[in-house]
Amino acid sequence: MPSRLCLFAAALSSLLLASCTTTSQISLDYASSTGHIMPGAPEFVTQAFTDRRDVGEHDLGTVRTQIGTPVEHVQSRVPVAEMVTNAFGYALQGRGMLSQRSGARYIVTGEILDLRCQLLVHPYGYARLRVSILDAGTGRVLHRETYTGERQSSAYIPGSGSPVPLLGDLASGALQDAVDRALDDQDMRSRISSGPRPGSGPATGEVSGWQPGML
């Protein structure tokens, strides 16, 4: 009888928690440090990424109890496809590789296969992007590869505050790692022969309205 009461209490608790599920919106950051990136020539522009995650366009993840009951949903403030496209724009700008659209030789685009954060025991962020580099003149695919990023934190202690800011940091870090790996890929650089040029620096004027670092 006591065991049945415990099971009933656990089930009732799960139902009550599920009925109280809330939704939080977050922004992600792209803030890769200058010393850890490879500069290049200002020959690139971005084209909108496609979200292939088979979830809502703003959905990023769920905070769950240790028994798996969802208590909070995490969403992005802008569609995830727009967020990832912007992240590549910031990353290109930071490397001095962003060009005026009229003068671009290459286009960076691709598909979002996964981008999420979650909390069951350990807070976790994960990104998986299929990135394509296209010839701007012909649309021909010059390079296509899948890149991942992953961040995890120590176990979350219930009652220690909202885990959502931490999940945002982990998702930001995972996305940043995937973006950096894509743009600093030596194989990609050698295929398009786009190395740094003397005096090249970040292009100006083509990211009007963006706030650097905020997606």
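The values are calculated or read from the model by the stated rules, or taken from the named source; none is laboratory data. The structure presented is a predicted model; accordingly, all values stated were derived computationally and were not measured. Here the Cβ positions follow ideal geometry from the backbone for every residue, glycine too, while neighbour counts run over all protein chains shown. Heads up: the accessible areas ignore ligands, DNA and RNA and are worked out on the full protein's heavy atoms, side chains in. Shrake-Rupley method; radii C 1.70, N 1.55, O 1.52, S 1.80 Å.
Below, the figures for the structure above:
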{"quantity": "Unique residue being free of Cβ contacts under 8 Å to residues at least 12 places away in the same chain, in contact with a strand residue (DSSP E or B) (Cβ under 8 Å, 6 or more places away or on another chain), farther than 20 Å from V84 by Cα and open to solvent by 10 Å² or more (accessible area, probe 1.4 Å) when the list is R140, R105", "calculated": "R140"}
{"quantity": "Qualifying residue in segment 150-167 (condition: open to solvent by less than 70 Å² (accessible area, probe 1.4 Å), in contact with a Leu (Cβ under 8 Å, 6 or more places away or on another chain) and in a helix (DSSP H, G or I))", "calculated": "yes"}
{"quantity": "Subset of segment 30-77 (residues that are within 23 Å of L98 (Cβ to Cβ), of a type in the set (A, V, I, L, M, F, W, C), within 20 Å of the chain's Cα centre (by Cα) and not in a strand (DSSP E or B))", "calculated": "A31, I37, M38, A48, F49"}
